[in-house]
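No value in this document is a laboratory result; all are computed from the given coordinates. Please read all numbers here as calculations on a predicted model, not as lab measurements. Here the Cβ positions follow ideal geometry from the backbone for every residue, glycine too, while neighbour counts run over all protein chains shown.
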Amino acid sequence: MKKDTKIVNAGRKSKWTQGMVNPPVYRASTIVFDSVKEMKHAAVNRAKQVPFYGRRGTPTTFAFADAMTELEGGAGCYVYPCGTAAITSAILSFVKSGDHILMVDTAYEPTRDFCSKTLARIGVDVTYYDPMIGRDIGDLIQDNTSIVFLESPGSLTMEIQDVPGICQVAHQKNEDIVVMLDNTWASPIHFQPFEYGVDVSVQAATKYVVGHSDCMLGTATANKKCWPVLRENSYLLGQCASPDDIYLAMRGIRTLGVRLNQHQQASLKVATWLQTRPEVETVLHPALESCPGHEHFKRDFVGGNGLFSFVLKQSNPQALNAMLDGMHHFKMGFSWGGYESLILANSNIKSMRTATNWLYSTPLVRLHIGLEDVDDLIADLDAGFSRLNALL
């Protein structure tokens, strides 16, 4: 099936839908059985999407997991209550005390905190690496390296990694190394991780999969080799998600393609306009040549989205606050992927890096371009620059 047809049909097996268009919401803790034989059968097959206990999942869970597995191209998918839970559980599924992991220096801040606090406490050593390291990742791999973790593009600074190059070198060095990717930016449809050598792909489904900023959800999809380990360890960690939230994510999948098309078209128009602004030092949009790793984006991705950043030429906190405080369509918030436009400023990227030196000392502004009319969004930013300039 073509991509758009998959988006409509994924997760809609008749055993989940029972003839209805959408898989219904099954809420359950206890699953009851009429015979010892039935209960034993469920116990033996509990890893095969047979209802056994609510935390193992209901048909709502299984339908959504099927959809994500098909869209990302893996062997199985586990569902978590948020994206951070997906990241931390995936990592914990494959490390033990004394192990070493390689973590990209652009990692999502909660991922970095988990490394410095939780992993350090249990004796797992973490080395941060330059997101643009590519095939030179092999120089950092140690005998006890168990995971190489990627995030492409970086969640604030947008560097696009050489995912196939890193995967190839890591697996050549040690076939037991698990390469994980935070694939949230691309969603399940704009980058196919398993075609490029990734072992475990993590999504904050809170973002584009849900698409409406109204629930939290995470997923981790794995290849055939890693799926049994991920599945059982995530269950042992107590991870499960609400069927009501899962239903919202399943509904979000159906419009994912058309939403992303609108997001990416509008974001490119805004990004191109920002390149003409005298206040802007550089625009960090993966689809533009000014973004580090743009060549990898052109080679590996089939589309973009609404999230990108730009760097201001000057640093003046009072002027920046005046710009942000008066926005009409762009509101400030710590997420993205919904239908609404968002703006977030960070003046301290240098402090968030340990392996690489951030080139700019002026503020970085991250935008999420929503589904509003793009001309209204440009007018909002234009007015914001006027407020900024009035105080410079």
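Working from label points 7 Å from Cα in the Cα-to-Cβ sense, the Q172 to L359 distance is 2.8 nm.
The translational diffusion coefficient of the range 256-390, from Stokes-Einstein at 25 °C and 0.890 mPa s with a Kirkwood hydrodynamic radius over alpha carbon pairs, comes to 160 µm²/s. Beyond 33 Å, what share of the Cα-Cα pairs of the chain remains, rounded to the nearest whole percent? More than 33 Å apart: 33 percent of the Cα pairs in the chain.
Across the range 339-348, rounded Karplus estimates of 3J(HN,Hα) from the backbone phi angles (6.51 cos²θ - 1.76 cosθ + 1.60, θ = phi - 60°) give 7, 9, 7, 9, 9, 8, 10, 9, 9, 9 Hz, Gly and Pro being marked x. Between N233 and D4, the distance separating the two model label sites (each 7 Å from Cα on the Cα→Cβ line) works out to 4.0 nm.
Taking Cα atoms only, the orientation of helix 256-274 departs from the longest principal axis of the chain by about 20 degrees.
Computed from Cα positions, the angle between helix 243-254 and the longest principal axis of the chain comes to roughly 60 degrees. Which aspartates and glutamates, on any chain, are close to K15 with Cα under 14 Å apart, when same-chain ones fewer than 8 places away are left out? Correct list for K15: D66. Mean-square fluctuation check for the chain, GNM, Cα pairs under 10 Å: which of T184, T58, T276 is largest? Taking springs between Cα atoms under 10 Å, the residue moving most is T276.
Calculate, in nm to one decimal, what E289 and S213 gain on full extension: separation in residues at 0.36 nm each, minus their alpha carbon distance.
24.3 nm
Name the most mobile residue of V50, V163, V178, meaning the one with the largest mean-square fluctuation, in a Gaussian network model of the chain with Cα contacts below 10 Å. Of V50, V163, V178, the Gaussian network model singles out V50 as fluctuating most.
Other residues lying with their Cβ under 12 Å from the Cβ of A90 contribute a combined charge of -1, Lys and Arg counting +1, Asp and Glu -1.
Legend: distances between Cα atoms for K6/K224; K3/K350; K207/K298; pairs beyond 30 Å are K3/K350. Where only DSSP H runs of four or more residues are counted, the chain gives -10000 deg cm²/dmol as its mean residue ellipticity at 222 nm, each run worth -39500 (n - 2.57). If you take the Cα centroid of the range 129-197 and the Cα centroid of the range 72-114, the two points sit 13 Å apart. Taking Cα atoms only, the orientation of helix 374-390 departs from the longest principal axis of the chain by about 50 degrees. Counting every C-alpha pair in the range 18-73, the share spaced more than 15 angstrom apart comes to 55%.
Counting beta carbons within 10 Å around each of S361, S29, S201, S290 and listing the fewest first gives the order S29, S361, S290, S201.
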